[in-house]
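Heads up: the structure comes next, in structure tokens.
The values are calculated or read from the model by the stated rules, or taken from the named source; none is laboratory data. All of these numbers come straight from a predicted model, not from anything done at the bench. Note that we place each Cβ from the backbone using ideal geometry, even for glycine, and neighbour counts take in every protein chain shown. Accessible surface areas use protein heavy atoms only, side chains included; no ligands, DNA or RNA. Shrake-Rupley method; radii C 1.70, N 1.55, O 1.52, S 1.80 Å.
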Amino acid sequence: MTVHTTIDSPIGPLLLVGEKSAAPGGPTALAWLTMAGQKNAPAIGADWVHDPAAFSEITRQLDAYFAGVLTRFDIPFADSGTGSEFRQRIWDALEAVPYGTITTYGEIARRVGVSRAEVRALGAAIGANPVSIVRPCHRVIGSDGSLKGYAGGLERKRELLTLEGALQPMLG
């Protein structure tokens, strides 16, 4: 059964969509985690059930992450139907990027053996990540050190990287 809820966070509301376990008390597998206004975010389906309790563990981990306590998520992912074998390789590489660090699109390409001709597809795969934050696509930046392409917006990418200590806070 597809379930959903919206939770508050320091970067705005987050939509959580998952597949509820058939086993009583079993974990909900996260299919989508998106931010308000995010590109390619799913629309809430008419047959989806609003069930905040189904996301209690995921919410606990996100709260700990935003509090600066949790540095690695332990959340089961549902197959959202968006992951080809190529995308899955890229997403696995994203999960290997440690908290508080950044990497480049070129480095991800090197790690997974993507040719120069496939770098555009690599960027598209990163952009198609359905579980932002918990699969840390925000940790990927341009080779020149600039923040590039983030479906949730570059300001949120900056906020997440600042939270993790990978960027210095902007003085305003």
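Take the range 12-52 and flag every residue that is of a type outside the set (Gly, Ala, Ser) and touching a Phe, Trp or Tyr at 6+ places or on another chain (Cβ under 8 Å).
Those that are of a type outside the set (Gly, Ala, Ser) and touching a Phe, Trp or Tyr at 6+ places or on another chain (Cβ under 8 Å): Leu15, Leu16, Val17, Thr28, Leu30, Pro42.
Looking at the range 124-166, which of its residues are open to solvent by 40 Å² or more (accessible area, probe 1.4 Å) and in contact (Cβ under 8 Å) with a residue 24 or more places away in the chain?
Ser143, Lys148, Gly149, Arg156, Glu159, Leu163, Gly165
Considering Leu94, Leu122, which residue is in the same structural domain as Gly145 (by the TED database) and farther than 27 Å from Gly12 by Cβ?
Leu122
Consider only pairs whose beta carbons are under 6 Å apart and that are at least six residues apart or on different chains; among these, list those whose first residue lies in the range 91-114 and is assigned to a helix (DSSP H, G or I) and whose second residue is surrounded by fewer than 19 Cβ atoms within 10 Å (Cβ to Cβ) and among the hydroxyl-bearing types (Ser, Thr, Tyr).
Close Cβ pairs (under 6 Å, with a partner that is surrounded by fewer than 19 Cβ atoms within 10 Å (Cβ to Cβ) and among the hydroxyl-bearing types (Ser, Thr, Tyr)) amount to Gly106/Ser143.
Inspect all residues belonging to the range 115-123 and state whether any of them is buried (at least 20 other Cβ atoms within 10 Å of the Cβ), among the basic types (Lys, Arg) and either more than 16 Å from the chain's Cα centre (by Cα) or at pLDDT 90 or above (or both).
no
Just checking, does the range 71-79 include any residue being touching a residue at least 60 places away in the same chain (Cβ under 8 Å), surrounded by 16 or more Cβ atoms within 10 Å (Cβ to Cβ) and under 25 Å from His4 (Cα atoms)?
yes
Which residues, taken from the range 1-58, are among the charged types (D, E, K, R) and open to solvent by less than 30 Å² (accessible area, probe 1.4 Å)?
Asp51
Of the residues Ile58, Ile75, Ile133, which single one is outside the structural domain of Arg158 (by the TED database), assigned to a loop (DSSP other than H, G, I, E, B) and aliphatic (A, V, I, L, M)?
Answer to the selection: Ile75.
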